[in-house]
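Worksheet: one structure, shown below.
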Amino acid sequence: MSEIIEPRTPHERRPPMVTQERLVEAFVDLADTLVAEFDVIDFLHSLASTTVELLHADAAGLMLADQRGELHLLAASSDETRTLELFELQHNQGPCLDAYREGKPITNIDPATAEERWPAFGAAVRAGNFTSVHAIPMRLRDEVIGAMNLFLARPGDLSNADLALGHGLADIATIGLLQERAVQQQQILAEQLQGALNSRVVIEQAKGMLAARHGVSVLDAFAAMRTYARRNGRPLSHVAVEIIDGSLDEAQLRVT
């Protein structure tokens, strides 16, 4: 006769063990940001779901800062978590904001403590039947780019091992995001450089044509182009293109 196992409630479940193979897989996935079609939103949702799985949490949310240092919710593991995170931003209080501002983790905060520290957010945590909340900054050295919130609905705190794992996941994700940002900036610089080189070729061609047409030196032709471009608030490369295709009335250039 087979044993009958009563189903466990969420508060009674025992977190399963995470295998070493699964940990390796998770870290490799989070480190792989150098892909052709990197999607930061998909990446952050993967981080949220992976963290929930490996730390046996019930929910997670991720906020990243914009260029002005203002946090924005970019990923949440559930609709309830999304509401909590937006509530945190709306009331400008909560563990994610403090972890980001201070650059330090905030862990094992129960609802009572949360209500003392962040009254509005703490009340929302209690209403959501969560037993503890945690926030881990996403930082590399002195640069903090965001923070990750974790919510538990089971009794007990996160262990030191779980907290270390959470930090590891946040750290590897932060490195990946900063690496992707650096790649994008390099691509922008490369595109700007290529654009400058292309413009230079066009400008050289235009000033040569202008010099030949008006019987002046290349230097004088270039000076006339620059003066016209500045006087009319136009990019020099655009003026050059119009000289080449003949759409510009060269009398306006006042070539002498």
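Is it the case that region 198-207 has a residue that's among the β-branched types (Val, Ile, Thr), assigned to a helix (DSSP H, G or I) and either assigned by TED's automatic domain parsing to the domain that holds Leu55 or loosely packed, with under 11 Cβ neighbours inside 10 Å (or both)? Steps first, answer last, please.
If we filter region 198-207 for residues that are among the β-branched types (Val, Ile, Thr), which is where we start, we get 201-203.
Filter again for assigned to a helix (DSSP H, G or I), leaving 201-203.
Narrowing the set further to residues that are either assigned by TED's automatic domain parsing to the domain that holds Leu55 or loosely packed, with under 11 Cβ neighbours inside 10 Å (or both) leaves none.
No, that holds for no residue.
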Among (1) over 30 Å from Asp79 (Cα atoms); (2) in contact (Cβ under 8 Å) with a residue 12 or more places away in the chain; (3) in a helix (DSSP H, G or I), where does Val216 come up short? (3)
Every residue from region 63-99 that is in a helix (DSSP H, G or I) and either touching a Pro at 6+ places or on another chain (Cβ under 6 Å) or over 24 Å from Glu53 (Cβ atoms) (or both): Phe87, Leu89, Gln90, His91, Leu97, Asp98, Ala99
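I'd like the full set of residues that are outside any strand (DSSP E or B) and either crowded, with 19+ Cβ neighbours inside 10 Å or aliphatic (A, V, I, L, M) (or both), limited to region 132-156.
Within region 132-156, Ala153 is the sole residue that qualifies.
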Among residues of region 138-158 being of a type outside the set (A, V, I, L, M) and touching a Cys at 6+ places or on another chain (Cβ under 9 Å), the residue modelled with the lowest pLDDT is Gly146
If I go through region 59-85 residue by residue, how many of them are over 23 Å from Leu169 (Cα atoms) and at pLDDT 85 or above? 2
Suppose the filter is farther than 23 Å from Glu180 by Cα and without any contact (Cβ under 8 Å) to a residue 24 or more places away in the chain; does Ala114 pass it? yes
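Has region 16-26 got at least one residue that is crowded, with 18+ Cβ neighbours inside 10 Å, assigned by TED's automatic domain parsing to the domain that holds Ala147, modelled with pLDDT under 85 and more than 17 Å from the chain's Cα centre (by Cα)?
Yes, region 16-26 has at least one match.
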If I filter region 157-178 for residues that are on the phi < 0 side of the Ramachandran plot, of a type in the set (Ser, Thr, Tyr) and part of a strand (DSSP E or B), do I get at least one hit? no
Looking at Arg154, is it touching a Pro at 6+ places or on another chain (Cβ under 7 Å), closer than 30 Å to Arg22 by Cβ and among the basic types (Lys, Arg)? yes
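The values are calculated or read from the model by the stated rules, or taken from the named source; none is laboratory data. What you see is a predicted model; the values in this text were computed from it and never measured. Glycine gets a Cβ as well: all are built from the backbone with ideal geometry, and neighbour counts include every protein chain shown.
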